[in-house]
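To start, the structure under review is shown below, and the notes come after it.
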Amino acid sequence: MTATPEHSPEALSLARIAPREAGADFELRSRAIGVDGALALEHSAMGGNRSPPLAWTPVANAGAYALILEDPDAPREKPFVHWLIWNIPGQATSLEEGLPNMEALISPQGALQGRNDNGSWGYFGPRPPLGSGPHHYHFQFFALDGPLTLRPEHSDLRALVGALQGRVIAETELVGTFEAPAA
């Protein structure tokens, strides 16, 4: 029997940020998430710890995009933050696999990354405790009216959620699962 992780009592960021307008058709997808919803091992901290490739349908008038990746199944009070990235250019429709873990990215130009809950910049892949069952990784993606003025050195989840308030023109979510492989 597979264990079921306990959920964090705090809501995911997506529930705390409302778009200014409703109804934009917006889809996020990744070839790193299988048809069964599982995130590939190479994108976990137990594998290659490479950020997964992401692609999305463009949103008219988007001046920038932002992403928050959280695991609400982490055994703690708040969801575990795995990735904060914002100021993805509005004309972009994808992120490459394996983005470097640094504050300011060269590609996509202008994109910035904050610290994850592991304390490093950029992406930190899933690493659920052995035997805790499959965890759900929520890729929460936001189309914005323009770039944010938030700087990486002053960024955490709270700061990014605050900066997104009133700036979101569309939002979408992609959920992948990952379970610690047996020894």
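Just so you know, all these numbers are worked out from the coordinates, no wet-lab data involved. No experiment lies behind these values; they were computed from the predicted model shown. FYI the Cβ positions are ideal-geometry reconstructions off the backbone, even for glycines, and counts take in every protein chain you see.
Considering only alpha-carbon pairs that sit under 8 angstrom and 6 or more positions apart, the relative contact order computed for segment 30-183 is 27 percent.
For the residues THR172, THR149, THR57, a GNM of the chain with alpha-carbon springs under 10 Å puts the largest fluctuation on THR149.
The alpha carbon gyration tensor of the chain gives principal lengths a ≥ b ≥ c with a/c of 1.5 or higher and a/b greater than b/c, which makes the shape prolate. Please state the shape class of segment 30-130: rounded when a/c is under 1.5, otherwise prolate if a/b exceeds b/c and oblate if not, all from the C-alpha gyration tensor. Judged from the Cα gyration tensor, segment 30-130 comes out prolate (a/c at least 1.5, a/b above b/c). Under a Gaussian network description of the chain, with springs only between Cα atoms under 10 Å, the residue in ASP145, ASP117, ASP36 that fluctuates furthest is ASP36. Considering only LEU67, LEU150, LEU84, the Gaussian network model of the chain with Cα springs below 10 Å gives its largest mean-square fluctuation to LEU150.
With charges only on Cβ, +1 for K and R and -1 for D and E, what is the dipole size of the chain about its Cα centre, in debye, rounded to 20?
Numbers: 12 positive and 21 negative charges, 63 e Å.
The calculated dipole for the chain is roughly 300 debye.
Rounded to the nearest 500, what is the 222 nm mean residue ellipticity of the chain from helices alone, with -39500 (n - 2.57) per DSSP H run of 4+ residues and division by all residues?
My calculation for the chain gives -1000 deg cm²/dmol from helical runs alone.
Taking 7 Å steps out from each Cα toward its Cβ at ALA45 and ALA18 produces label points 3.5 nm apart.
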